[in-house]
Structure formats: C-alpha cells, structure tokens
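Since the structure comes first, as structure tokens, the remarks are kept for the end.
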Amino acid sequence: METYHVTTTGSSNAVLVYRFPKNHDVQTLVYALMASGSYAAQTTTKLMRWSDAAMSLRAARNLYNRGGVSCKIN
C-alpha cells in the first residue's frame, strides 16, 4: 500500500493508493476485503507512468493517422 486517506465528504469513505505487480492482484484484494463483511463497493482507477501514457498517445495518433478512428461528434 502506498497511502491511505479517510474522507469526510463525497461518496467515498476512504481512498487507498496501492501498487501491484499484476492487474489481477487488484481483484484479489477486492475479494479479500469483501469477505471481511465490512466492505461494500469500490471504484478503481488505474494510474499510468508518463512513459506508458506517452506510448498510448503515440499508438492513438498512429491509428488516427491511418484513418482507423473517426473523431467527428454529431
């Protein structure tokens, strides 16, 4: 676990920041928390390193340049 914050406003009671080597380890944590009986729901947001985000942006740009994506909003 990286950090843990208790919240007093909004829909969340706490914010937990953690790092796992594999994505499926996150679900293992969720199942363990649910089995405790004191846990009802979660929202998960995967964070990226800037280098991963840059790689994703390059891949999206290449896909767009090949005509594989339409950015027209009606």
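Here, each number is a calculation from the coordinates, and none is a lab measurement. Since this is a predicted model, take the numbers as computed values, not measurements. Virtual Cβ from ideal backbone geometry, glycine too; neighbours counted across all protein chains shown.
Some values worked out for this structure:
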{"quantity": "Spin-label pair ALA14/GLN27, simplified geometry with 7 Å Cα→Cβ offset, distance in nm", "calculated": "2.3 nm"}
{"quantity": "Net length gained if the chain between ARG61 and ALA35 were fully extended (0.36 nm per residue, minus Cα distance)", "calculated": "5.1 nm"}
{"quantity": "Given charges at beta-carbon only (K, R positive; D, E negative), |dipole| of the range 3-65 in Debye", "calculated": "280 debye"}
